[in-house]
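**Q** Structure incoming, see below.
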Amino acid sequence: MNEKYELYVWSSYGLGAAVLLWNLLLPLWRRRALLRSLNEARDEGE
Amino acid sequence: MWTWFHRLASPPSFYRFADRLAPWLLGLGLLLLAVGCYGGLFIAPADYQQGDAFRVIYVHVPAAALSLFVYVLMAVAGAIALVWRMKLAECAVVAAAPIGASFTALALVTGMLWGKPTWGAYWVWDARLTSELVLLFLYLGVIGLNQAYSDARTAARACAWLALVGVVNVPIVHYSVQWWNSLHQGSTILSLEAVRDPKISSSMLWPLLLTLSGSFAFFFAVWLRRLQNEVVARERGANWVRDCVLQAPLAAVSNEQSGMTGPELDPSMQSRQGRQRHGEPRGAD
Amino acid sequence: MNAMLDAAWAVFVRELRLALRRPAEATQPLVFYCVLALLFPLGLAAQDVGLRAFAPAIVWVSALLAALLGIERLFRADVDDGTLEQWLLADVPFPMLVGAKLAAQWLLIAAPLIVAAPLIALALNLQPQAIGVLLLGLLFGTPVLVFSGGFAAALTVGAPRAGLLIPILVLPMMCPALIFGAGAVRAAQVGLSVEGPLYFLAAMMVLSLTLLPWAAAGALRNALE
Amino acid sequence: MSGLSKRQKRMAAVLVLVLGVGGAAFLGFTAFSKNMMYFYTPSDLLAGAAKEGATLQLGGLVEKGSLRREDGLKIVFVMADCEKQMPVRYEGILPDLFREGQGVVATGKLGIDPVTGERTFVASQILAKHDENYMPPQVAASLKTADGKHSCAPFKSLGRPAENLAGKPMTAAAEAPRS
């Protein structure tokens, strides 16, 4: 690749990957927290 | 058709449906994106004018297309939520906003990274760029509004109203390059004329179609996941949550404490949880 | 039909009467507008030529901020004393009453701004031939500002701390008015054609006058439920 | 009380909505037929759309063979839309894509050239405007014609509606067929 443009191209792909990762991980973390609180609520209930 | 629709709209059956569909969509999306990005970076030839700088298109165009599509989706879901008071549609509005906002920001930033080497400026205040920026603010408004209310239903319905009013901006973004004299180029693939007379060589087109479809599949996968979370959070007391969420394989996440093992572990789920553990060094714990 | 118009008129008159009961509060936006716009020349060197170039933006941004001033409280009192509940139960379409209230707000907040604008424009060295365009632009643009402010206020009426949220909500709706309003004045100053931006502002005004009372009424109904 | 049935009220509401949205659409499209442009074209400037000394954007194609480099970073070239031409003077850094036949948008003022005494656009910034066509260099080379392959269609003048210009080549010679 022409090195004049390398930085622009690679940083845009890198940012794209970061956005994908962010979108992927955030719901999973939220789910973990939810399940934990649900489990705690159930354990207290029982 | 309608009974199927109604069944799907009930939280428990939606939850199971999403559980089955999301892993496939995610796998498909990531695969298409990986192949498309590889093709875009290494296989597609350099452009006759822009050289290698044009390769930003494989990130920029899918992000921009999603930013518009997700807002329209939010407005449609918002209309359904307001007219038929469907809970799932309310969740859909709220769940789509952060994803849409992230892709809008990505479209703006990659656009800047494309503009500097080609146009000669990171940013100009022309119609396309300004209206896309307005779109980002609309997304941020929806996210902020959702957080301002303590009651989830009121918040979601307020967001639905905002999504409906804001959708006026979407055609302005899309047609801005036709209506105004603009520095931004016209549509390469998303216009009637482009279908009749392709504006991009096929050796450069296929990676674009792959990243485009991959991004949409990815969006639907993470949207379904967010929707599931949203539904569960609202119905935390309901019986079906206890039956189908806590007993389901996904409960394996919390099994370390409770010592319970899920009945049937879906392999794709397992790998996702593995990734989740790795990605969590300073996480929620 | 007449009964409906009477009801809307009653709401309109009630708003004006309530505002005139506290004249100091009613003139707040105007004072704010004048002070804000006149602070800019004070911050610049005397007779700075840049002032003329910035004048359209200064007048419009000041008008925008003045329209936002206190918009958060627009529906609070009506919610607290049960007025809105009564409007909801009335036989008259709720959006019509909300529209009447917003129209009264325009008369109270925005009309004084338009009247004061020529003086501000002269103070900012705006070229005299651009003042007519400025007034026409404000006439078309201020309903957009007031109605979108009203919509944002309706969206956040049930949220306790929405003060910071309102600017984010109204920014996307107000910034086209700012772009084309100030753009028309700038064009008039340098002798370019002003019809395009003015027509666009008029289109925005008609669209907001038609759609935003409905949307605001829906948001209020949602918050009251 | 109001004397209207629910059905009539709904009809009235729909009527108001249709009238409002239709009126807004009419005004909006009238606006687009006037000038709402990020940049003006050489035809607009020659038709007297702007006074001398007003800062504005000018868009067009760099005319083939018109580019002349003077000492330092100074350049002089001719910018053209589908019909008219306008000399441009600029001193500064140019974007990579700037070349003859390329679409550009220049910010600057209309003035008089100190050397030739002609009406000239004195630019303070030049941005390249690439179009929506992407192809490998080999394909582009096979398409090349004497007039260049860039369309002047994106440079719409104020006076005429855009559709008349869609796909119109820059000069009488037809744009190279692309298939």
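Just so you know, all these numbers are worked out from the coordinates, no wet-lab data involved. It should be emphasised that the depicted structure is a prediction, and the values quoted were computed from it without experimental measurement. Cβ sites come from the backbone with ideal geometry, for glycine too, and all protein chains shown count toward neighbours.
**Q** Determine the alpha carbon to alpha carbon distance for each of D:K64/D:K84; D:K74/D:K129; B:K116/D:K84; B:K116/D:K64; D:K51/D:K84 and list only those over 22 Å. Let's see the in-between values first.
**A** Working: D:K64/D:K84 14 Å; D:K74/D:K129 20 Å; B:K116/D:K84 29 Å; B:K116/D:K64 25 Å; D:K51/D:K84 18 Å.
Long pairs (Cα-Cα over 22 Å): B:K116/D:K84; B:K116/D:K64.
**Q** Sticking with this one: I'd like the FRET efficiency for A:R36 and B:R16, computed as 1/(1 + (r/R0)^6) with the beta carbon distance as r and R0 of 30 Å, rounded to 0.05.
**A** 0.90
**Q** While we're on this one: Under a point-charge model restricted to the Cβ atoms of Lys and Arg (+1) and Asp and Glu (-1), what is the dipole moment magnitude of the stretch B:70-223 relative to its Cα centre, in debye to the nearest 20? Don't jump to the answer; show the numbers that get you there.
**A** Numbers: 8 positive and 6 negative charges, 42 e Å.
Here the stretch B:70-223 has a charge dipole of around 200 debye.
**Q** For chain A, just run the numbers: alpha carbon Rg, then divide by 2.2 N^0.38 Å, N being how many residues it has.
**A** Normalised Cα radius of gyration, chain A: 2.11.
**Q** Quick one: Karplus J couplings for the stretch B:20-30, per residue in order, coefficients 6.51, -1.76, 1.60, θ = phi - 60°, nearest Hz, x for Gly and Pro?
**A** For the stretch B:20-30, the Karplus-derived couplings read 6, 7, 4, x, 5, 4, 5, x, 4, x, 5 Hz, x marking Gly and Pro.
**Q** Taking the Kirkwood radius as the inverse of the mean 1/r across Cα pairs, report the Rg/Rh of the stretch C:1-135.
**A** 1.10
**Q** Compute the distance in nm between two label points, each set 7 Å from the Cα along the Cα-to-Cβ direction, one at D:Q85 and one at C:Q129.
**A** Using points 7 Å along Cα→Cβ, the separation is 3.2 nm.
**Q** Another question, then. Once Rh is set to the Kirkwood radius over Cα pairs, what Stokes-Einstein translational diffusion coefficient, in µm²/s, holds for the protein assembly as shown at a temperature of 10 °C and a viscosity of 1.306 mPa s?
**A** Translational diffusion coefficient: 56 µm²/s.
**Q** By a straight-distance test (C-alpha under 12 Å), which aspartates and glutamates pair with D:K6 as possible cross-link partners, with residues fewer than eight away in the same chain excluded?
**A** By straight Cα distance, D:K6 reaches C:D91.
**Q** Assign unit charges at the C-beta atoms only (+1 for Lys and Arg, -1 for Asp and Glu), then state the dipole size of the protein assembly as shown relative to its Cα centre in Debye, rounded to the nearest 20.
**A** That gives the protein assembly as shown a dipole magnitude of about 780 debye.
**Q** Follow-up question, since we're still on this one. Mind sorting D:D131, D:D44, C:D91 by how few other Cβ atoms lie within 10 Å of their own Cβ, fewest first?
**A** Lowest count first: C:D91, D:D131, D:D44.
**Q** Now, a different point. Taking springs between alpha-carbon atoms closer than 10 angstrom, which of C:R22, C:R73, C:R52 fluctuates most in the Gaussian network model of chain C?
**A** C:R22
**Q** Identify, among C:Q189, D:G103, B:I143, the residue whose Cα sits farthest towards the positive end of the charge dipole of the protein assembly as shown, taking +1 on the Cβ of Lys and Arg and -1 on the Cβ of Asp and Glu, with the dipole about the Cα centre.
**A** B:I143
**Q** For the stretch C:90-134, place one equal point scatterer on every Cα, skip the solvent, and apply the Debye formula. What is log10 of I(q)/I(0) at q = 0.17, 0.19, 0.34 Å⁻¹?
**A** Rounded to two decimals, the profile gives -0.59, -0.65, -1.08.
**Q** Right, something else. At q = 0.08, 0.16, 0.18 Å⁻¹, what log₁₀ I(q)/I(0) does a Debye calculation on the Cα points of the stretch B:18-234 give, no solvent, two decimals?
**A** The computed values of log10 I(q)/I(0) come out as -0.31, -1.11, -1.30.
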